[in-house]
Each structure stands twice: as C-alpha cells, then as structure tokens.
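The values are calculated or read from the model by the stated rules, or taken from the named source; none is laboratory data. Note that the structure is predicted; figures quoted are calculated from it, not measured. Glycine also receives a Cβ, built like all others from the backbone with ideal geometry; neighbour counts cover every protein chain displayed. Surface accessibility is based on the protein's heavy atoms, side chains included, excluding ligands, DNA and RNA. Shrake-Rupley method; radii C 1.70, N 1.55, O 1.52, S 1.80 Å.
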Amino acid sequence: MSDPRPTLDQLQVFLAIVEAGSFAAAAKRLGRATSVISYTIANLEAQLALELFDRDTTRKPQLTEAGRAILAEARVVARGMGGLIAKARGLTSGLEAEVTLTVDVMLPPCSLVQALDAFQEEFPTVAFRLHMEALGAVTQHVLDGIADIGVSGPLEHATVGIVRRQIGAVRLIPVAGPNHPLARMSSEEADAKVHEHIQLVLTDRSRLTEGQDYQVISAKSWRLADLGAKYLLLKAGIGWGSMPEEMVREDIAAGRLARLTITAWDNAVYRLQAIHRAETPPGPAASWLLGRLKETLAAR
C-alpha cells in the first residue's frame, strides 16, 4: 500500500499546476520536464487515493471536487513549510528567532505602529513581543532580560550594564478637563494657584527612580501606574497633569480637554532613548527596529 503522506515537493508541484493553469506551464515555472510533473501528480493521487485533476473532459486540467478540497490545506502546509525554511535560513545567518521590545508609554502610538508595520514586512519570520511600561520600569525590563531592547524615557543616573542612545523626544503639555478651575485661569493665575490642585503623576513600577519626582509642582498629587487611567481622569475633570501633545491634540480641538497655561510645565520635553544590555547587543532585526523607531520619531 502506498504511503499516504505527501511530500513538500508533491504539494508544490500540485500548487504550481493550479496557479499556472496547466502541466506544461507548471513544468516551465519549476524548470522540469512535463513528464516529471505528470509523474509527480500521479504519485500524489495514488498516495491520497483521490483524483485531483479532471484530465478527460476539459482541454486544460481542472480541479475535481476532491482537488478543490485539498487545495486550501496544501497551501497552508506549503506556506508553513516555507516559513520554517526561511526561519532556519535566518537563524543560520544570525537573525534572531524572536525580538522582545519594551517601550515607554510616552512613545507616540503612531510612531510605534509605523515601525512595527515595517518590521513585520522586513522580518516576517521573526516572532515579536511588546511590553509597555513607564519611567524606570522600561530599563528594569531590559536589565532583567524580559526585553531584548527598550525605548525608555530619561533617567537622572546612569544604569550599570545598560547602553543608551538618544532617538527622539516627545513634547509634554499640561491639560485638564474643560470645566477644571485651572482651565479658566490666565497664565499668571494658573501659576499662582496650580499648587492647590491635584496633579496626576505617573509612578514607576521599578525602584530605579525611587525617591525621584519628575516635574511634580503641586502640593497635592495622585500617583497612577497607567497612562490610560490618567487620561480618563483628566477628561473627567479630576486633577490636572501633563500628557504627550500628540495624544491629546484631538481632545483639545474637540473641547474634551483644555490646555493649561502653566509656565513651569509649558512645552516640557521628554527625551526618548534606545537601550540594551551591554553584554548582549541587539541583533540585526532588533537593531533595524530601533533604527526605524528613530526615523518615525524624526518624521513627526
């Protein structure tokens, strides 16, 4: 009895006939004799105990009902095997099997999406993982080996074992709900009264910035570990705080948030840095991704 397991070559020949429209065209595409193509398909049909092509009633071979049923599965298997071979070739050439990236929550989403869209086109065989953190937690992820590379905000002190380089910056602006008292004040009034109102401040999940405050100017503050929660509270009129300008531009235009005229906070710059462990420099795919992130930030 014939072995019912088709080979990758047989499936590729089968697909070539379907796509090219004939045995002769498939032979030309694959660089083989037409007789070899016919022999390969005859063996495949014998192994499956199915007739895949109707060769008698039409001038060109047409898929039978069984052939149409097999076609989708054949494409899945061939595509999967092709991906496996591409990944193996990438690994032998030094390409990473997987890249894990942790980014600061202040990184503009549009810059991240553009870079990742280009990454999956450039490195289709490289698996990818993404984490989002704030402040020193990005560096902590890279230090602990959770991430291969990171895009971090600025840290006041150098971290042993971490290599950093500037790749861009984000402008932060102070905002509050449109009915917040500070939203109705002039610059002079806001500067004098801002200390009396609750400031919403992002906190660090790591201990790398323990005891350090970044632009905290109010005597009252609420500490939040999530930028999304901060955004929701600001729109609800609870407290005031800084946000990346790009993330709130539409809300300001639509009147959902108001830009505050606080001198100490106006147009603050939050610098972004590409980071990795000194002992494990990024591979080709990770290096390419950091470069593309730098390009997308520069193009904003």
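Can you give me the P(r) profile for the stretch 121-202? Cα pairs, bins 10 angstrom wide beginning at 0, each as a whole percent.
Bins of 10 Å from zero give 12, 31, 23, 21, 11, 2 percent of pairs.
How large is the accessible surface per residue of the stretch 129-184, computed with a 1.4 Å probe and reported in Å² as a whole number? Before the final figure, lay out the partial values.
Numbers: 2430 Å² over 56 residues.
The answer is 43 Å² per residue.
For the pair Ala127 and Glu73, how long in nm is the line joining their label points, each one 7 Å along Cα→Cβ?
Here the answer is 2.6 nm between the modelled labels.
For the stretch 243-300, state what percent of all Cα-Cα pairs lands in each successive 10 Å bin, counting from 0 Å until the bin that includes the largest distance.
Result, from short to long distances: 17, 33, 26, 18, 6 percent.
Starting from the Cα-Cα distance between Glu279 and Gln120, subtract it from 0.36 nm times their residue separation and give me the gain in nm to one decimal.
Working: separation 159, 0.36 × 159 = 57.24 nm, distance 2.63 nm.
That pair, Glu279 and Gln120, stretches by 54.6 nm at full extension.
Please report the equivalent ellipsoid semi-axes of the stretch 1-67, computed as sqrt(5 x eigenvalue) of the Cα gyration tensor, largest first, in whole Å.
On the way: eigenvalues 63, 45, 18 Å².
Square roots of five times the eigenvalues give 18, 15, 9 Å.
Once neighbouring chains are kept in place and the probe is 1.4 Å, which whole percent of the accessible area of the chain is contributed by carbon and sulfur?
Numbers: 8440 of 15720 Å².
Carbon with sulfur: 54 percent of the solvent-accessible area.
With +1 assigned to the C-beta of every Lys and Arg and -1 to the C-beta of every Asp and Glu, and no other charges, what is the dipole magnitude of the chain about the Cα centre in debye, to the nearest 20?
Details: 32 positive and 34 negative charges, 98 e Å.
With only Lys, Arg, Asp and Glu charged at Cβ, the dipole is about 460 debye.
Based only on the alpha carbon positions, what is the Kirkwood hydrodynamic radius of the stretch 101-258, in angstrom?
Details: mean 1/r = 0.0581 Å⁻¹.
Evaluated over the stretch 101-258, this radius sits at 17.2 Å.
Based on the Kirkwood radius over alpha-carbon pairs, what value in µm²/s does the Stokes-Einstein equation return for the translational diffusion coefficient of the chain at 4 °C and 1.567 mPa s? Please report the intermediate quantities before stating the final value.
Working: Rh = 23.7 Å.
Rounded, D is 55 µm²/s.
State the number of lysine pairs found in the chain whose Cα atoms come within less than 19 Å, restricting to pairs 8 or more positions apart or on distinct chains.
Working: Lys28/Lys60; Lys193/Lys220; Lys220/Lys230; Lys220/Lys235.
Lysine pairs satisfying the spacing and distance rule in the chain number 4.
If r is the Cβ-Cβ distance from Ser221 to Ala268 and R0 is 22 Å, what FRET efficiency results, to the nearest 0.05?
Details: r = 16 Å, r/R0 = 0.74.
E(calc), rounded to 0.05, equals 0.85.
What does DSSP give for the chain in terms of the percent of beta bridges that are antiparallel, rounded to the nearest 5?
Working: 23 of 38 bridges.
Percentage antiparallel, nearest 5: 60.
Compute the accessible area per residue over the stretch 1-76, keeping the other protein chains in place, probe 1.4 Å, unit Å².
61 Å²
If you roll a 1.4 Å probe over the heavy atoms of the protein chains, what accessible area per residue do you get for the stretch 219-285, in Å²?
Working: 3270 Å² over 67 residues.
For the stretch 219-285, the solvent-accessible area averages 49 Å² per residue.
If I stretch the segment between Asp144 and Arg205 completely, what's the gain in nm (0.36 nm per residue apart, minus their alpha carbon distance), one decimal? Intermediate results must be reported in sequence, preceding the final value.
Working: separation 61, 0.36 × 61 = 21.96 nm, distance 1.35 nm.
Taking Asp144 through Arg205 to full extension adds about 20.6 nm, to one decimal.
How do the peptides 238-245, 279-286, 167-174, 106-113 rank, highest first, by the average count of neighbouring beta carbon atoms within 10 Å per residue? Write out the running numbers ahead of the final one.
Values: 238-245: 21.9, 279-286: 16.6, 167-174: 20.2, 106-113: 18.1.
Result, highest mean first: 238-245, 167-174, 106-113, 279-286.
Could you list, bin by bin from short to long, the percent of Cα-Cα pairs of the stretch 111-150 in 5 Å steps?
6, 21, 25, 21, 18, 10, 1
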